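The values are calculated or read from the model by the stated rules, or taken from the named source; none is laboratory data. Being a predicted model, the structure only gives us computed values, none of them experimental. All Cβ positions, even for glycine, are placed from backbone atoms using ideal geometry, and neighbour counts span all protein chains on display.
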Ligand code: PMP
């Protein structure tokens, strides 16, 4: 197509005048290169999908009710899937019924719908930092005034947040929401301890801030003891649940290609998210919803989790052991108890973006930490995902990374 018409002739809305695509997706062009070992993606491992189990669920869904699979469905989600998801949430310690669940086309859509209901351009939103880049991008596109919240190795520093709110400038817009991934965070792998969760939910309620708990990784625990979701802990404080919005997803625990996520939100918010979804996609794919329901109801998830958790544990151990072996003085990192990510820092203030260029020449990749900051990035930080490379590959990948670091 010829491109003679300048961009500004279209009168794009302000957030789209100079849009930046996802910095991580930009890296994907290298992932398919022959021999590339990628510590970059947040994708589940392709060799761990339950291909057989999902084929059976798809077949059973279609055969048992082809019309339900082929027709439009309820905007809030298929009633039977909502029932299965409510049961799944019960296992996570959250009391809820099918009517409390809104099925979304991935949890990413859930956040987008929430922003449409709450954030007008110029409204203030809080986000942990470092943060999931697509959450930062969604806030930017919503025109939010983004204010970052400090984290340490255990996630949000709740005392620092309370002090930040106490010192909130008079006349500045009050924050409407706070986005966090409290369990096996993307990118840091950190998990917020129970006491901090309790303090955070009390703070959100007292300050009337919608606390957004994004939880796609919570069930990927391969070490340590489970910590209840913030939403489960909110039940201990009367009224606190009115200030929590929870997002779940089958993407990391079953398959992202299903595009099945869900939201649990206070009724006034959920109602508005459903109205927003009516103009977004009418409904999440009924074929995918029916498949997911058959998979969950047939016990596929429990079995699948058992098999992938063992693999993720050994992949994580292999990567960390190899990094400690090959680059003992060049890189510091956290050891997560689950999820997919290790947050690392290069010694001597080295720039991870520069190291990435040398790494790509050596056929190994990671994501530089700059992608996860709103304004002032920590240039020597990086995110390493252990989900995709098998143990032997992780070893070789760490060797190549160490070679990229030796300059
Ligand atoms: N939240 C976080 C923290 C994620 O890492 C991701 C996927 N990378 C998502 C949400 C989006 O998940 P989904 O596939 O359910 O839209």
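Annotation: of all residues in the range 224-247 being touching a residue at least 60 places away in the same chain (Cβ under 8 Å) and over 19 Å from residue 306 (Cα atoms), the one that is farthest from the ligand (Cβ to nearest atom) is 235. Residues that are closer than 12 Å to residue 365 by Cα and surrounded by fewer than 16 Cβ atoms within 10 Å (Cβ to Cβ) within the range 14-29 comprise 28, 29, listed in sequence order.
Looking at 257, 218, which one is surrounded by fewer than 22 Cβ atoms within 10 Å (Cβ to Cβ) and within 14 Å of the ligand (Cβ to nearest atom)?
Numbers: 218 fails: surrounded by fewer than 22 Cβ atoms within 10 Å (Cβ to Cβ).
Answer to the selection: 257.
Checking 21, 42 one by one, the residue that is within 16 Å of the ligand (Cβ to nearest atom), in contact (Cβ under 8 Å) with a residue 40 or more places away in the chain, closer than 30 Å to residue 145 by Cβ and not assigned by TED's automatic domain parsing to the domain that holds residue 279 is 42 and no other.
When residues of the range 32-55 are filtered for being at pLDDT below 85 and either more than 28 Å from residue 309 (Cα to Cα) or surrounded by 14 or more Cβ atoms within 10 Å (Cβ to Cβ) (or both), how many remain? Spell out the reasoning first.
Going through the range 32-55, the residues at pLDDT below 85 turn out to be 32, 41-42.
After this cut, where a residue has to be either more than 28 Å from residue 309 (Cα to Cα) or surrounded by 14 or more Cβ atoms within 10 Å (Cβ to Cβ) (or both) as well, the list is 41-42.
So the answer is 2.
Only one of the numbered conditions (1) in contact with a helix residue (DSSP H, G or I) (Cβ under 7 Å, 6 or more places away or on another chain); (2) surrounded by fewer than 19 Cβ atoms within 10 Å (Cβ to Cβ) is violated by residue 322, and that is (2).
Considering the range 97-116, the residues that are within 19 Å of residue 241 (Cα to Cα) and surrounded by fewer than 19 Cβ atoms within 10 Å (Cβ to Cβ) include one that is nearest to the ligand (Cβ to nearest atom), namely 98.
Collect the residues in the range 322-353 that are part of a helix (DSSP H, G or I) and in contact with a strand residue (DSSP E or B) (Cβ under 9 Å, 6 or more places away or on another chain), keeping them in residue-number order. Spell out how you get there, then give the answer.
Initial filter on the range 322-353 (part of a helix (DSSP H, G or I)): 322-326, 347-349, 352-353.
323, 324, 347, 352, 353, listed by residue number.
Among all residues of the range 364-375, there is none that is surrounded by 18 or more Cβ atoms within 10 Å (Cβ to Cβ), farther than 27 Å from residue 135 by Cα and under 24 Å from the mean Cα position of the chain (by Cα).
Do we have residue 180 as within 14 Å of the ligand (Cβ to nearest atom), without any contact (Cβ under 8 Å) to a residue 60 or more places away in the chain and within 21 Å of residue 266 (Cβ to Cβ) here? Yes; evaluated as a whole, the condition is true for this residue.
Taking the range 117-138, which residues are within 13 Å of the ligand (Cβ to nearest atom) and either touching a strand residue (DSSP E or B) at 6+ places or on another chain (Cβ under 6 Å) or touching a residue at least 60 places away in the same chain (Cβ under 8 Å) (or both)? Don't jump to the end; show me each part of the working.
As a first pass, look at the range 117-138 and keep what is within 13 Å of the ligand (Cβ to nearest atom): 127-128, 130-138.
Result: 127, 128, 130, 131, 132, 133, 134, 135, 136, 137.
The single condition from (1) touching a residue at least 40 places away in the same chain (Cβ under 8 Å); (2) within 16 Å of the ligand (Cβ to nearest atom) that residue 30 fails is (2).
Hey, any hits in the range 265-276 for a residue that's within 16 Å of the ligand (Cβ to nearest atom) and not assigned by TED's automatic domain parsing to the domain that holds residue 103? No: the range 265-276 contains no residue that is within 16 Å of the ligand (Cβ to nearest atom) and not assigned by TED's automatic domain parsing to the domain that holds residue 103. Give me the helices (runs of 4 or more DSSP H) completely within the range 186-292, filtered to those with at least 3 residues that are within 21 Å of the chain's Cα centre (by Cα), at pLDDT 95 or above and within 17 Å of residue 158 (Cα to Cα), ordered by residue number. Once the helices (runs of 4 or more DSSP H) in the range 186-292 are filtered for at least 3 residues that are within 21 Å of the chain's Cα centre (by Cα), at pLDDT 95 or above and within 17 Å of residue 158 (Cα to Cα), what remains is 194-207, 230-234.
Criterion applied to 107, 84 was being farther than 14 Å from residue 231 by Cβ and either under 19 Å from the mean Cα position of the chain (by Cα) or at pLDDT 95 or above (or both), and the one residue passing it is 84.
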